[in-house]
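Enquirer: Would you mind keeping the following structure in view while I ask a few things?
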Amino acid sequence: ADCNQLGFNLRSNIFQGGPLESRSLMKDSYTPDIIQKAIRDPKNWHGRRTDELGKWHQKNALNLNVQKALEDKYG
């Protein structure tokens, strides 16, 4: 009986999923000219700088991608 009820709900499209258009709190809070004037500095992200551990993880991910590409190409 539970399976039939679940099947009926799925066929009826009761579970419609998430919204097709996402909303941003920043876009809702500020006017467009403020967003365009915003300076995006990847090294100083929301006042937090990339530390040595973050830089190591970036280099490690790049190294793993290179190793995988070499293995795929040369076996």
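Enquirer: Restricted to segment 39-75, and to residues that are of a type in the set (G, A, S) and modelled with pLDDT of 75 or more, which residue is least open to solvent (accessible area, probe 1.4 Å)?
Expert: Residues of segment 39-75 that are of a type in the set (G, A, S), as a first pass: 47, 54, 61, 69, 75.
Still in the running and modelled with pLDDT of 75 or more: 54, 61, 69, 75.
Numbers: G54: 23, A61: 47, A69: 57, G75: 91 Å².
Once the filter is applied, the top-ranked residue is G54.
Enquirer: So, one more: Could you check segment 17-34 and list, in sequence order, the residues that are open to solvent by 90 Å² or more (accessible area, probe 1.4 Å) and assigned to a loop (DSSP other than H, G, I, E, B)?
Expert: P19, L20, E21, S22, R23, Y30, listed by residue number.
The values are calculated or read from the model by the stated rules, or taken from the named source; none is laboratory data. The model shown is predicted, which means the values in this text are computed figures rather than measured ones. Accessible surface areas use protein heavy atoms only, side chains included; no ligands, DNA or RNA. Shrake-Rupley method; radii C 1.70, N 1.55, O 1.52, S 1.80 Å.
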